[in-house]
Structure formats: structure tokens, C-alpha cells
1. Need the full-extension length gain, Val270 to Val140, defined as separation in residues times 0.36 nm minus the C-alpha distance. One decimal, nm.
2. Can you pull the one-decimal nm distance between simple spin-label points at Glu35 and Asn237, each 7 Å off the Cα toward Cβ?
3. Just to check I understand the Karplus step: with θ = phi - 60° and J = 6.51 cos²θ - 1.76 cosθ + 1.60, what whole-Hz values come out for the range 48-64, glycine and proline as x?
4. Suppose the chain between Glu67 and Asp277 were pulled fully straight at 0.36 nm per residue; how much longer would it get relative to their current alpha carbon spacing?
5. What is the spin-label model distance, in nm, from Ile315 to Ser87 if the labels are put 7 Å beyond Cα along the C-beta direction?
6. Work out, step by step, the length gained on full extension between Glu151 and Asp108: first 0.36 nm times the residue separation, then minus their alpha carbon distance; give nm to one decimal.
7. Place a point 7 Å from Cα of Thr469 in the direction of its Cβ. Which residues in the range 97-135 have their backbone N less than 16 Å from it?
8. Estimate the FRET efficiency between Asp192 and Ile336 by the formula 1/(1 + (r/R0)^6), using the beta-carbon distance for r and 56 Å for R0, to the nearest 0.05.
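Nothing in this text is a laboratory measurement; each read-out follows from the coordinates by a stated rule. Only a predicted model underlies this, so the values are computations on that prediction, with no experimental measurement involved. Positions of Cβ are generated from backbone atoms using ideal geometry, with glycine treated the same way; all protein chains shown enter the neighbour counts.
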Amino acid sequence: MKRFLALSLIGSSLLFGSTSIKADEYDSWAIKINETTWVRQPTYVDPTDPSQGGEPGYESYFIEIYEYNSLTGAENRLIRHQQLQDSDIGTSDQWKMYQVDSGEISLDSIEGKINLKVTGQDKQYIYDIKNNTISTSDYVAPTNPTSNYQEILKIPTVLGKSDGTKSIELGGSKIVAQQSDGSVQLGADTNDIDVVADGLNIDGAAVITKNTDGSIQIGADGNDIDITAEGLNVDGNPLITKKDNGEIHIGKNSLITKSEEETLSDGTKVQPLYAKDADGNKIPINIDGSKLLIDGVEVTAGGDSAQVTTNKNNISTNTSNISTNTSNISTNTSNISTNTSNISTNASNIKNIGEGVAGSTALTAALTALPQTSKESKLSCGVGTGAYSSRYAVGFGCASKVNERIDVNAGGSYVFGGSKSYGSGTLDSGIVKAGFVFKFRELKKPTQISIKDKKIMETKIESLENKNTIMLSKNQKLENKLSTLMARLEKVEKIALSKDKSKDIVVYKLK
């Protein structure tokens, strides 16, 4: 009967307790060592009498390594290795003809290898799990076997202390700790992330903090971004603020607009735009170095004689055209009168929707131009612009590198021309956004933990779990043996205390 050995991969998860194996996963390595094949057939003249001449045959065992599902019994063979080759016969490698000792198969979870000692030989096969290869080496017996000790206690990965803290440690290094104040620490004391009641700290410095006034602070004091009830502040200075009176302020000494249009005395609706100084007094807006256009026409100080001349010529030409079109206008008067109310209503809604959509597109374009991450510095800020279908928007935002894995960003944009109303709806003129960028998995930087270190950590965890399983198994065996011995002892005592003692039984009184 072939022997089928299994080495458990992982019996439980370090952070989340025991796990159940899925039907389509493998949780063990399984090893077969009993199958054989002839390397050289025997050539005896008479197989029943070797003395009549001929040569003995040579057989080789196979080592087969499988992935194995202990739930379903499904298997996947990884490698099949023939121990003895014809070229090994008569050489120092002829020891390969002997079978692997099933009681001397062990898993080296630190190196990621399975060691298989050959029966009666100081030789072993080594299966490399990562590279899926089998090699050979000399076998060196342990110099300090466990039998030299009365008790061996495994170092636990979860430790509790008298001050109420609990930690998960590996090789003496802290991985996760719950402090006595309820906070959770990730990493060692000098390179850690702390989840505290009011936010998140890294190496003791606050990264994200919820203040008592309800605002959210990103970064330490003096180099932070604050999200308040009114808007967004950078280093304590307002960046984008919406006041209770509807004013939207951009900057500390602000460029100001309103969230809704205003109506002039003649009934004309306008979108206000003005500036104030630190004392709240209105101040001029200086268009510095750029031209100011209205409907595509440049606005110049004091007027422009060339523009006036051009307009006069156009007026004269238009007068003639107006006279020519008078009869046509008269003809179409009745039709125009009939459609005036409908056209007026629809035109207003269509115009506002079109301008609102164009404004929204410009707002989005301005936001996309803002920095999302800060790669070369701790804090990066930028100004973005967007234009679509004669609507223009400006945006301002910043991105801060919290650490190698976390970037935060915030910003906003404002479209000139104000919000647009259509029917019962309104398209606003301002947008504020804030976001976080978390980097997962491996960072391709030399400061990150290497793949080799990660493998070593994983294999150490596997080793601890496997050793724990082996110890539990040994303890169970000892309990079973003790139970058997106690039962035998009770039988001996009954016989010794029996009134009718058998002459064939020698009774020795225990002292």
C-alpha cells in the first residue's frame, strides 16, 4: 500500500483567527515515496538461484510532491523525481537506490524547503518550494535534540502585559499592539502608525485629526489642511470659504462672488464679482498683464476710436438692411407674436441649461488640472483653469504627501458667470473636493520591505503554526498513552487486592 504524507501549509491566520479552506484551494503539501521502477533489470540465469550466475537488478524510488486540498481530496502534482539513475550505479551516488524514511520528512519553513532523509544513509533530498526543484545534500543530525529537555515551551506570537496592553510580535519585533488607552499601534515604537480616538498618527505625529469643533485637520499644526464647516483652509488661512450670506471667498483677502445671481433696479439679473481687503472694504480688481474680453471684444481704458469708427460703419450698413427687411418683418409679425411666449420661456431654460452644462464642464476641467499627489515635495499646490463653450473656470488645490503610502489632496474651482437656474433646478458655480490616495501592495522603492524579508516573515509564521500543531499532536499522544497506562495500573491493583490471588501472578507492593 502506497504511503501518502501531508505537510500542512497554514492552519490559522495570524491576524484573523482560524480560516476554513475553500473547495478550489490547496492547504497542504502531500508527498508520495513508495512508487518504484526498474533502472536495470536482473540478469540471473535462474532467478530462484542467484548462485548460477547473472547480475542483480536495481530499482529506483520516486519522490512525488503534490498540492493537496484536505477538504475535497483534490491534488495537483508539482514534481515527480526519480531517485536513482543508471549512471549512479557503482558510484558514490548509489545510495540513491534507498527509499526516503517516512519518519524523517520535515518542513523548513524559514528556508521554504522540505527535507527528506534517506533510510539508513546520512543523505537527504531537499525540495525547494519556491523553485519547484529537488537537490541532494549530506544529512546532519541535530546536535541538541528535544529529548535533552524535560519541557520545551514555544514563544507565543500574542503577548499580554500587566498594564493591559496586548501585542502580536514576531521574532521579538512588535507588529500590532492594543494599548491600555484603547489605541491601536501598527509597527514598532519608533516606526509606527497609531489609530487614536481623534484620528491617525504616524511616528507620534498627527496626520489626520478630528478637532473638537468638528473640523478635520490633515497634517501637523503650521503645515496642515483644515476642512471646516465654511470651506477649506491651508495652514490656518482660508482658501475657499462660503459665508452665511451666500458669499463665496477665494483666498484670505478675497475675490468674492455670490452663490446666486442678483437683480438690478431695472430688473436685469447679474452675477456679482468683487474683492475685499482684510478690513472688509471693497477694493478694485486689477487684471494684471492679461486682456479682459467681453463677448470676445477687448475692453480698453478710455475707449478706442478705431472701434468707434468700425461700429459707425456697421450701424450705417445695418440701417439699410433694416429698411430692406421691414416688409419681411411686417409679414412675419403675426407668426412671431404667436410664438413669442413659448420661445421666450424655452430660450431662457435652454440658454441656462447650456451655460450651466458648459460651466460644469469648465469646473471639472479646472479640477482635473489640480495635483492629486505630491511626489517630489511634502506639499504641492497648483492652479488649474478650464474652458468650455465660452464658460471659464479657475481652480486651486493642494496635495500633501503624508508618507510613502498616503497622499491627501483638496481643492476647489469656481466658474465665472455664476450659477444657472432652469425651471426648478440650479447648476451651482463652485465645487470643492478632497481626497486621499492610499498605495497598496509592494512599493518599488528601496525603503520598502524587500520580497525576501516578506518571504522570511511569512515562512516564520508558517513555522510557528506548524510547530504548534506538532506539539498539540504530541500532547494528545502522551495523554492517550497515560490513559492506557492508568487503565493497566487499575487492573494490576485489582488483581493485587483480590482475595483469591492466582499462584501464577507475582504481586509486588508499590511503595
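1. In short, 37.6 nm is gained.
2. Inter-label distance under the simple model: 7.6 nm.
3. 7, 9, x, 5, 7, x, x, 10, x, x, 10, 10, 10, 8, 10, 10, 10
4. Full-extension gain reported as 68.2 nm.
5. Between Ile315 and Ser87, the label points sit 10.7 nm apart.
6. Answer, rounded to one decimal: 13.3 nm.
7. 105-110, 112-115
8. Values: r = 77 Å, r/R0 = 1.37.
The computed FRET efficiency comes out at 0.15.
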